[in-house]
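Chemist: Structure incoming, see below.
Just so it is clear, none of the values below were taken in a lab; they were calculated from the coordinates. Bear in mind the structure is a predicted one, so any value in this text is a computation, not a measurement. Neighbour counts run over all protein chains shown; Cβ positions are idealised from the backbone, glycine included.
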Amino acid sequence: MSDLTCQEFVELVTDYFEGELDAETTARFDEHRALCPGCETYLLQMKETVSRLGEIPVESLSEEMQSTLLSAFRDVRR
Ligand SMILES: [Zn+2]
């Protein structure tokens, strides 16, 4: 069982929300969250976006979406 990279984590987020990760991948996913505040923040922002939109954004993996989420996070913290 190898550690996820941040890139892999981001790519798994959509599957995570859709409940498509197997038990081993979910364990690695949760482990990465615990170790990586940036990805934890990304996941929470995605969760909020998904609940607001009622669906997973199609462009959820794009850099534009990530920067939108990160700037939204900065606004919240202000
Ligand atoms: Zn990470």
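Chemist: Net charge around Gly54, counting only other residues with Cβ within less than 15 Å of its Cβ (Lys, Arg = +1; Asp, Glu = -1)? Walk me through the numbers on the way to the answer.
Modeler: Numbers: positive: Lys47, Arg52; negative: Glu18, Glu48, Glu55.
That works out to -1.
Chemist: Count charges around Thr5 for me, please; just the other residues with Cβ under 14 Å from its Cβ, Lys/Arg as +1, Asp/Glu as -1.
Modeler: On the way: positive: Arg28, Arg33; negative: Asp3, Glu8, Glu11, Glu31.
Value of the local net charge: -2.
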